[in-house]
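A.B. asks: Have a look at this one before I ask anything.
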Amino acid sequence: MTIIWGPVMRLTVLGLCLLSGPAFADAAGAIMPQPPLSEYVAAFPRVAGDGSAAATVNARLALLDEGAAELSDCDLTRQVKVMLDSADFISLYGNEGGYCEGAAHPFFAEYGLTFDRATGAEVDWASLLPEALLQTKAETYDESYPFASAALTTAYLASIDPATAAGECREVYDMGLSFDFWLLAGAGVAMIPSNLPYAAIACAEVGYIPLETLESMGTDARLLTAIKTGTAE
């Protein structure tokens with residue numbers, strides 16, 4: 001087959017070269033699993049790439065692993081999972097716990113980390129979640145606690161075990177909740193209370209906002225696409 005290099009073809013090739021240039025090459029690359037830090041402590045993965053986005057993601061994850069290593073005398077355990085791997089976002093989940101000698105009680109944490117692949121920065125949930133959930137125009141809105149709206153609490157209680165929502169934890173939930181989030185491939189946005197005292201930690205059940213609800217509220221299109229097309233571990 002003969003290719004005729006006319007003006008249109010030259011412009012097309014030039015455009016493809018520009019698309020494959022630094023703006024795209026700098027994005028964080030493939031997720032790379034890492035060996036565990038110890039028998040019971042999983043390491044966070046890293047991402048491939050030599051650009052600033054990959055460096056930013058890897059620096060954050062390395063810092064978390066360094067922090068875990070410093071707790072080697074605290075009977076630490078940690079599990080790590082890739083909850084969403086998409087073209088635009090990476091969402092990781094971790095849960096860890098242990099006991100340090102001399103402490104008043106054991107510790108436990110359950111959390112998510114969601115990165116924008118283009119920049120390597122952790123996402124700004126206030127710019128991704130719909131106004132209907134954040135209720136920034138409500139009189140009760142507090143910029144110090146942007147994820148403590150009544151709408152988020154309602155969505156959370158609707159998604160967890162009804163027996164938990166209406167049982168002994170109800171008094172805890174009625175005190176007011178603030179949330180951490182991460183993405184669930186094919187499902188929606190996971191959420192967990194982030195402000196519970198140790199005595200109420202059993203009430204920190206993971207809930208989620210379904211994809212259908214997010215779509216009906218006009219959620220950021222990139223986020224919706226990531227949930228629909230992303231894969232999980």
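A.B. asks: Only residues that are farther than 30 Å from residue 105 by Cα and hydrophobic (A, V, I, L, M, F, W, C): list them for segment 49-77, please. Give the derivation first.
C.D. replies: Here is the first cut: in segment 49-77, the residues farther than 30 Å from residue 105 by Cα are 49-59.
Answer for segment 49-77, where residues must be farther than 30 Å from residue 105 by Cα and hydrophobic (A, V, I, L, M, F, W, C): 53, 54, 55, 57, 59.
Okay, residues lined up against (1) in the same structural domain as residue 107 (by TED's automatic domain parsing); (2) exposed (fewer than 15 other Cβ atoms within 10 Å of the Cβ); (3) assigned to a loop (DSSP other than H, G, I, E, B):
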| position | (1), (2), (3) |
| --- | --- |
| 151 | no, no, no |
| 155 | no, no, no |
| 163 | no, yes, no |
| 183 | no, no, no |
| 205 | no, no, yes |
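A.B. asks: Does segment 98-112 include one or more residues that are of a type in the set (Asp, Glu), under 23 Å from residue 37 (Cβ atoms) and either exposed (fewer than 12 other Cβ atoms within 10 Å of the Cβ) or modelled with pLDDT of 95 or more (or both)? Break it down into steps so the answer makes sense when it comes.
C.D. replies: If we filter segment 98-112 for residues that are of a type in the set (Asp, Glu), which is where we start, we get 101, 110.
Still in the list and also under 23 Å from residue 37 (Cβ atoms): 101, 110.
Of the ones still in play, those that are also either exposed (fewer than 12 other Cβ atoms within 10 Å of the Cβ) or modelled with pLDDT of 95 or more (or both) are 101.
Yes; the residues of segment 98-112 include at least one that is of a type in the set (Asp, Glu), under 23 Å from residue 37 (Cβ atoms) and either exposed (fewer than 12 other Cβ atoms within 10 Å of the Cβ) or modelled with pLDDT of 95 or more (or both).
A.B. asks: Given the criterion surrounded by 14 or more Cβ atoms within 10 Å (Cβ to Cβ), modelled with pLDDT of 95 or more and more than 17 Å from the chain's Cα centre (by Cα), identify the matching residue among 68, 62, 55, 48. Talk me through it step by step, then tell me what you get.
C.D. replies: Numbers: 68 fails: modelled with pLDDT of 95 or more; 62 fails: more than 17 Å from the chain's Cα centre (by Cα); 48 fails: surrounded by 14 or more Cβ atoms within 10 Å (Cβ to Cβ).
Residue meeting the stated conditions: 55.
A.B. asks: Checking the structure you have, find out if any residue of segment 213-224 is among the β-branched types (Val, Ile, Thr), touching a Gly at 6+ places or on another chain (Cβ under 9 Å) and surrounded by 14 or more Cβ atoms within 10 Å (Cβ to Cβ). Steps first, please.
C.D. replies: Looking only at segment 213-224, we keep the residues that are among the β-branched types (Val, Ile, Thr), and these are 213, 219.
If we keep only those that are touching a Gly at 6+ places or on another chain (Cβ under 9 Å) as well, we get 213.
After this cut, where a residue has to be surrounded by 14 or more Cβ atoms within 10 Å (Cβ to Cβ) as well, the list is 213.
Scanning segment 213-224 turns up at least one residue that is among the β-branched types (Val, Ile, Thr), touching a Gly at 6+ places or on another chain (Cβ under 9 Å) and surrounded by 14 or more Cβ atoms within 10 Å (Cβ to Cβ).
A.B. asks: Still on this structure: Taking segment 64-94, which residues are touching a residue at least 24 places away in the same chain (Cβ under 8 Å), part of a loop (DSSP other than H, G, I, E, B) and not hydroxyl-bearing (Ser, Thr, Tyr)?
C.D. replies: 71, 73, 74, 75, 76, 87, 88
The values are calculated or read from the model by the stated rules, or taken from the named source; none is laboratory data. Here the structure is a predicted model, which is why all the values come from computation and not from measurement. Cβ coordinates were reconstructed from backbone atoms using ideal geometry, including for glycine residues, and neighbour counts include every protein chain displayed.
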